[in-house]
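One structure is given below, encoded as structure tokens.
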Amino acid sequence: MPGALPISGPTSGGEWPSDAELLRRHVAGDGDAFGELFRRHRDRLWAVALRTVCDPEEAADALQDAMVSAFRRAGDFRGDSAVTTWLHRIVVNACLDRLRRRAVRPVTAAGDEQTLEARLTHDPDPARAADIRMDIDAALRILPPAQRAALVMVDMLGYSVDDAAAILDTSPGTVKSRCARGRARLLPYVAHLRGNRPASERVSPAQGNDS
Amino acid sequence: MTHPDPDVLAEFRAGLGTGRRRARIASHLAACERCTGLSDQLGEIPALLAAVPAPAMPDAVAQRLESVLAAQVAQRDSSERTVGDPAHHRAHDLAHDSAYHRAHHRAHQGARHRARSPRPGRHWDFRLVALRVLAPAVGVLVLAAGGYGLSRIGGSSTSSVAAGSEAASAASGAQAGAAAAPSSAATSRPEAAPLEPAARFGVVTSATDYRRATLPQQLKRELQRYARPAGSVQELAPGPVKECVLRVTAGISPVSLVLVEKAYYQGQPANVIVAARGDHDAAWVTTPTCSAGSDYVLDTTTLPGTSAS
């Protein structure tokens, strides 16, 4: 079917139109092109949004803001990055905007740390997969948003440091540093998941902010 | 040497730091079992995080975003069709401002926003949290998404336009008291007729209690009950409901509404919005407090196109 589409510009060379081609068609007035672009990337964009804002409702709202913005601003896309990078950047910015507007983090760090501490002390069976996922979800919430966004993309979702840097509009060194600090901060809360360290050897949470 | 902080160890592992500093940490690690263990644990974190499966987008979210994008396409199409129509430009600007942009201006226009809004903007998110806990009244709004607005009534040759026109005249009677537009005028209005001040799209109030599991079936019945009114968002009386409709459709304007209903959802008051999209109808269920400032969508669904009968 895609072969029947009028192709006026370069594509990826394969059977399907490239992201850039879809975006160009959208700007030219094709009513289906942006939707196809969205469907192509929606699961990855959703994962990034959900892990960055830590709340499904907020993630859906942020993604909606981002897609409307991308739809309207597509004509501004200059091709100096990949279309996916551009889309991700709009999504991550919408997420960080929302977190800033809320003025508070999803749950206060202190409250989270107490909850996590209690869980670490009382959970008799930390090896179950569901518990591990819950622990990691909860632990991620204590990270500053920009640190979390970097760690989520690189460690959880497998983006390269360079891609994450382009999306976050910062340097690869900053992404590496945010990831490193994020890991250090998570360590006390996830070390037990490996089940090889007694509580007395756990380090206290790293202090300080991402910068 | 004192033990380096976990931060420092993590950055070392990531290859960061100057040569001298790295050399110092390396020699410490060679001699310190504790820090070596810590460093090993830090090295395991990426694999631990990678093992958490990435969530797929839930169907409800995908449907909602598809609706929003379809609305954007419809809005763009109608804008292009009515270039030069000053009345349309007013409507377009209003809708354009209402949703996305207003949200983004909120932070910078706190004072102005508070002056307009009964509640301070900064309490907005808190209110949403409270809504989730208390499950307060919800509003149900039903919009016809396929209407393509302005050209709908004025005799365009497309079938959706013709259907909208018939629906408009059929609806004015069924919407007793709700739609103020004279039914005889519906088929003879000029292109920009939906923007005439006399045209009012009625908001239905009902005791229908929509349930999550049966929302599509209930909506289908409800739409049959009310025939098929067709009107644009601009025909709604100004107020929170109109702002809500603009908000959930991310600023489609004008839009052909099928149903805007104040009803119930899961036993709680709710707004139901239904809009036609192609040969489908899109429906949103929102909280009754939904307005330009809060688009708390409780549920969405799509319905096979209901013929205007």
Which of the lysines could be linked to B:K220 by a straight reach, that is with a Cα gap under 18 Å, when you skip same-chain ones fewer than 8 residues away?
B:K262
Interchain or long-range residues, amide H under 5 Å from B:A270's placed H
B:V138, B:G139, B:V140, B:A263, B:Y264, B:Y265
When A and B pair up, the total accessible heavy-atom area removed from solvent (1.4 Å probe), in Å² to nearest 100, is 4900
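The values are calculated or read from the model by the stated rules, or taken from the named source; none is laboratory data. This structure is a prediction, so every number in the text was calculated from the model and none was measured. Side chains are part of the model used for accessible areas, which takes the heavy atoms of the whole protein and leaves out ligands, DNA and RNA. Shrake-Rupley method; radii C 1.70, N 1.55, O 1.52, S 1.80 Å.
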